[in-house]
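What follows is a set of notes on a single structure, which appears directly below.
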Amino acid sequence: MNRTGEVYRVAGPVVTATGISPSMSDVVLVGDEQLMGEVIKIVGLQSIIQVYEETAGIKPGEPVAETGKSMMLELGPGLLGSVYDGIQRPLSVLMEKEGTFIRRGATANGLDRNVRWPITVTVKAGDRVKGGDIIAETKEKNVVHRIMVPPGISGTVAQVFPGEKTVEEVIVKLADGTELKPMHKWPVRLPRPVTGRLMPDLPLTTGQRILDTMFPLAKGGTAAIPGGFGTGKTVTQQQLAKWSDADIVVYVGCGERGNEMTEVLTEFPALTDPKTGDALINRTVLIANTSNMPVAAREASVYTGVTIAEYYRDMGYDVSLMADSTSRWAEAMKEISSRLEEMPGEEGYPAYLSSRLSQFYERGGRSKNLNGSEGSISIIGAVSPAGGDFSEPVTQNTLRIVKVFWALDTKLRERRHFPAINWLTSYSLYSKTLEAWYQDNVDPEWTQLRSWAMNILQKEAELLEIAQLVGTDAMPKEQRLTLEMARMVREIFLQQSAFHDVDTFSSMKRQFALLNCIKMYSDAASEALARNVSLHEIASLPIRTELTRAKFEKDMDNQLASIALRIRPEMEKLKEVSV
Amino acid sequence: MKDYRTITKIAGPLIFVEKTDPVMFSEMVNILLPDGSIKRGQVLDTSRDHVVVQIFEGTAGIGINSGVRFLGETLRMPVSRDIIGRILNGSGDPLDGGPPIIPDKKLDINGSAINPYARESPKEFIQTGISTIDGTNTLVRGQKLPIFSGSGLPHNEMALQIARQAKVRGTGEDFAVVFAAMGITHEEAEHFMDDFERTGALKRAVVFLNLADDPAIERLITPRMALTTAEYLAFELDMHVLVIMTDITNYCEALRQIGAAREEVPGRRGYPGYMYTDLATLYERAGKVKGKKGSITQIPILSMPGDDITHPIPDLTAYITEGQIVMSRELHMGGIYPPVNVSASLSRLMNAGIGPKMTREDHKVVSDQLYAAYARGKDLRGIVAIVGKESLSEKDSKFLDFADLFEKRFIQQDTNENRTIEDTLELSWELLNSIPEDELSRIDAKFIQKYHHDHREKPATAGKAPAGK
């Protein structure tokens, strides 16, 4: 029996109700406008509720209704290409209903009830099915959407109903009378079950040189991008959403700018997936809970995102989930915790910050699904540390969990080195596991080339410290050459423009070819230097300018091949300095 | 309406009232003082047992016996077309001796969040005539671009210059300025008003003044009144509105004061943990939306305590706004106006507003090159300080000189100097001419051929005066 009680107290997004006896995490409807809220604390006869909307105007005595359920998402065809707020209300539908502004109390179904999907049922009467099993397929955009038995249900198929169906129509009836529909509901805070975990040993290629070559992420891996404001977290996240070779992308804009979501919304439909040639938006689900939208819904938004990601993983897809930014999520927890007058942990964050973060990242991974397929969720979380200081709790707790750390750097940003990822402090714990793949699929020389580049950058950092003290002119010419060559690695290879049509995406082969050319230049330069050619001439060979510009050319592959052939002869033409 | 005389506690800006009929959250409250005057407040916490009210004008004069009247509505701002040209106080009441505003509508000052789906990407280039903005940190319509300043720096001058010169080229659309002053001094306010009057800007401005000696708590509603007005002008009257809010630091101080009075768990440096969300509810009210002609562009001004950009106020602001213009004390001391620290400044929406048809095709690469070359020159200054200028290579000294030139020619301009974007770009090429061509690694070869002074026969903008002074 779902009871109705009444509001006792209102303080910001936290409402206390009496006269109901819900369970923890149950959804309740608050006030005359029936605003959605979630029970977050129970004290005797009082239930404490976080409300997902603005509470101005609510007064004690207004009704509070139980629903007897925890917060559920609607899972089924129709998710791809949608834009939702933190509690799965489609923003396009809200705009049609309400106009420019989001009126509170507005409701809309997560999945459109009117669309008829062409359903092919893949089971027949008499088949035994259990949770996770695929019973039907339909075409959602250009993705095969596999409809599964909800976890926890099993039985024998009695009857099937293929054809054009809405998400609420029955497609399979089990012997015990259970009706299976294209849509099922799943509690957002509960991870969807899998049979087992697999090791992440395939790379998630992203077309971003510094990421793929230097600090690669595995499919099913977890990464954090911390950085002060303006260092390019969002641009990096968007680049990953655009170019990573996942089948499905879930992008959670959590407490960030409205205009950034608009940018995604206007850009994605116009861009094509390099793998399938289809519009990017057709493989993407967007969750947009901007900074000025209610804070409780922001808290829920990352769970909404990861649950949708799990749903597609269960179909056997590689999903990547971008959460921008997890700091805003943590702040939402902090705000709610402080309204509850909980004892704060470090810097006012609740003591459970660390466990919430690890629970979230652990929902990523590569796994064997209930239906036997394999899928993965790679999670990439942006972190916005206060004052750009990485020692703050959200960054630190995140780093304890994730395996890849892409550190964004204000200094690099100031000199317009983009992506502003610091190559000295970033790391990837997958680089060893993934080496084999790179050697087999890109080039056998891969590992050596990569270590050469890492090495020269490391050396540069050491030499620059000396240069700060004595000036470069006082350094031996070999060291000055190292500095020049490291500069080539930085400016030609590491720098990549997200806004240039060609440079924005670099295939693995191209990454290898480009870096290889730089190494060839460097090797030939060392030989020339040994022959006593002047450093100035070595460093300003015209072919270097050509190499610098090659990455912007459409015909880059041929150009690089031609440059590779010409470096050594040109270097050998240089005359020694007469003593 | 009932008057309650059940105040049980008065602490700082808060009063606690008992035994009331149900009161709405955020409801407006009038407090009747024994001398017959009225103070206004708003409900912060409501329950069956007690109600907490924050008083905007301070609690001085309120006693246990003062009457409390709950008004049955949340705070609303009366708006109409006639509001243009008016000067109001921080609570929206006329200060200019004019009649009260006859409302066309009364709008909730907290507004509602713009549906991200209903937004339109800001991309119309606003020419401010200031090279450090137009050239390297371009402002577009619907953007929120704050000025991070410090005490004693000429942020007001710059804001005024922007307000005077800002225009979208080739349009004669309706536009208005909404000015919200929070806790600034009479002198500063006078300065703004003078300039508005002198340039005729007041005729299309709405001014909200909460001055330094006005109640601090009122600062929490002043910007909301201003933004509600801006939304009305932009989205109902189709105007392009520029909102200048100064000084956000004073607003945050008021927020901290309320937090402390409520005995909330403080966050960083004592500011409340919800300051990010609270600031977002101001800044996110900028933008352009589908199906409406108007737009809201925000230029909030804040002074960084101790010039510290990692202080929570600038830090949280920059995480919400689309970039920041940072002022430098060093440049100011060096006599450079506007003292914009170009390296630390950023406009996130710049790329959307520049390029062919909007400004010029070479704009982005030129700007990137200026940044990179200036950064390199500034680094060299550090080395020169240690080892002397003599030990620099020839190439390095060119970069060193470039940095000086950049500050003296590009950053420096007069308060009345209104440079077109072409002026700014031509000036840029002129400055880039001083460094070796093979160092221009950010610029595609085709633009070098077309615009580099060594390559083209005559200036591309033939007939136009050369840039700079």
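The values are calculated or read from the model by the stated rules, or taken from the named source; none is laboratory data. What you see is a predicted model, and the numbers here were worked out from it, not measured in a lab. Positions of Cβ are generated from backbone atoms using ideal geometry, with glycine treated the same way; all protein chains shown enter the neighbour counts. To get the accessible areas, we keep the full protein, side chains included, count just its heavy atoms, and leave off ligands, DNA and RNA. Shrake-Rupley method; radii C 1.70, N 1.55, O 1.52, S 1.80 Å.
Table for the structure above
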item	result
Signed unit charges on C-beta, dipole axis of region A:1-55, positive-most listed residue A:Gly12, A:Leu29, A:Ile42	A:Ile42
Of A:Phe418, A:Ala561, A:Leu494, farthest towards positive along the dipole that unit charges on Lys, Arg, Asp, Glu beta carbons give chain A	A:Ala561
3J(HN,Hα) from dihedral phi, region A:153-167, Karplus parametrisation 6.51/-1.76/1.60, rounded to Hz, x for glycine, proline	10, 8, x, 10, 5, 9, 8, 10, 10, x, x, 7, 10, 7, 5
Kirkwood Rh and Cα Rg combined as Rg over Rh, evaluated for chain A	1.05
Average Cα contact separation per residue, region B:376-461, under 8 Å, 6 or more apart, as relative contact order %	24 percent
Extension gain, B:His191 back to B:Arg269 (0.36 nm per residue minus Cα-Cα distance, nm)	24.9 nm
Sequence of A:Met571, A:Met520 from largest to smallest accessible area, 1.4 Å probe	A:Met520, A:Met571
Region B:191-336 pair-distance distribution - Cα-Cα, 10 Å bins, rounded %	10, 34, 36, 17, 2
Magnitude of the charge dipole, region B:153-210, Cβ model with Lys/Arg +1 and Asp/Glu -1, debye to 20	340 debye
Packing rank of A:223-229, B:436-442, where each peptide gets the mean count of other beta carbons within 10 Å, highest leading	A:223-229, B:436-442
Among beta bridges that DSSP assigns inside chain A, antiparallel share in %, nearest 5	70 percent
Long-range amide H partners of B:Val178 with built H, under 5 Å	B:Val206, B:Leu242, B:Val243, B:Ile244
Region A:196-429: Rg to Rh, with Rh as the Kirkwood radius over Cα pairs	0.95
Listed residues B:Ser151, A:Ser354 arranged by accessible area, highest first, probe 1.4 Å	B:Ser151, A:Ser354
Share of Cα-Cα pairs in region A:119-253 lying beyond 24 Å, as whole percent	50 percent
Kirkwood-based shape ratio for region A:115-187, expressed as Rg/Rh from alpha carbons	0.94
Contact order relative to length of chain B, as percent, for alpha carbon pairs under 8 angstrom and 6 or more apart	16 percent
Per-residue SASA entry for B:Asp214, accessible area with 1.4 Å probe, Å² rounded to 10	50 Å²
Tail beyond 45 Å, pair distance distribution of chain B (Cα, percent)	20 percent
Set A:Lys139/A:Lys554; A:Lys242/A:Lys509; B:Lys167/B:Lys203; A:Lys242/A:Lys554; A:Lys411/A:Lys459 screened for pairs whose C-alpha atoms are more than 23 Å apart	A:Lys139/A:Lys554
Sites A:Gln159 and A:Lys69 - FRET efficiency at Förster radius 22 Å, r taken between beta-carbons, to 0.05	0.20
Cα-only radius of gyration and Dmax that characterise the protein assembly as shown, units Å	30.6, 102
Cα-based convex hull, region A:1-156, per residue volume (Å³, whole number)	142 Å³
Of all DSSP beta bridges in chain B, antiparallel share, percent nearest 5	60 percent
Accessible area in the full protein assembly, largest first, 1.4 Å probe, for A:Asp247, B:Asp93	B:Asp93, A:Asp247
Under-5 Å amide H pairs with B:Asp108, H placed in peptide plane, nonlocal only	B:Met77
Relative pair counts by distance (%), Cα atoms of region B:171-224, 5 Å bins	5, 20, 25, 21, 16, 9, 4, 1, 0
Accessible area of A:Ile87 in the full protein assembly, 1.4 Å probe (Å², nearest 10)	20 Å²
Debye-sum result for region B:77-352 in log10 I(q)/I(0), which assumes one identical scatterer on each alpha carbon, at q = 0.16 Å⁻¹	-1.32
For region B:1-25 and region B:339-414, distance of Cα centres in Å	59 Å
DSSP bridge orientation in the protein assembly as shown - percent antiparallel, rounded to nearest 5	65 percent
q = 0.16, 0.26 Å⁻¹, region A:439-500: log10 I(q)/I(0) [Debye, one scatterer per Cα]	-0.63, -1.05
Computed accessible area, A:Phe505, all protein chains, 1.4 angstrom probe, square angstrom	70 Å²
Relative contact order for region A:4-70, counting Cα pairs under 8 Å that sit 6 or more residues apart, in percent	42 percent
Placed amide H near B:Ile126: partners under 5 Å, 5+ positions off or other chain	B:Leu139, B:Val140, B:Arg141
Chain A: calculated mean residue ellipticity at 222 nm from DSSP helix runs of at least 4, using -39500 (n - 2.57)	-10000 deg cm²/dmol
Overall form of region B:84-187 per C-alpha gyration tensor (a/c, 1.5; a/b vs b/c)	oblate
Charge dipole (debye, nearest 20) of chain B; +1 at Cβ of Lys and Arg, -1 at Cβ of Asp and Glu	1060 debye
Estimated inter-spin distance, A:Ala270 and B:Asn416, nm [label 7 Å along Cα→Cβ]	4.2 nm
Global geometry of region B:1-73, whether rounded, prolate or oblate, following the gyration tensor of its Cα atoms and the 1.5 cut on a/c	rounded
Label point distance in nm, B:Gln449-B:Asp379, each placed 7 Å from Cα along Cα→Cβ	3.1 nm
10 Å-binned pair-distance histogram of region A:4-70 (Cα, whole percent)	26, 65, 9
Label-point gap, in nm, between B:Ile102 and B:Glu437 - each point 7 angstrom along Cα→Cβ	7.0 nm
Region B:311-469 shape via C-alpha gyration tensor axes, a/c threshold 1.5	oblate
Global size of region A:470-577 as Cα Rg and Dmax, reported in angstrom	14.5, 43
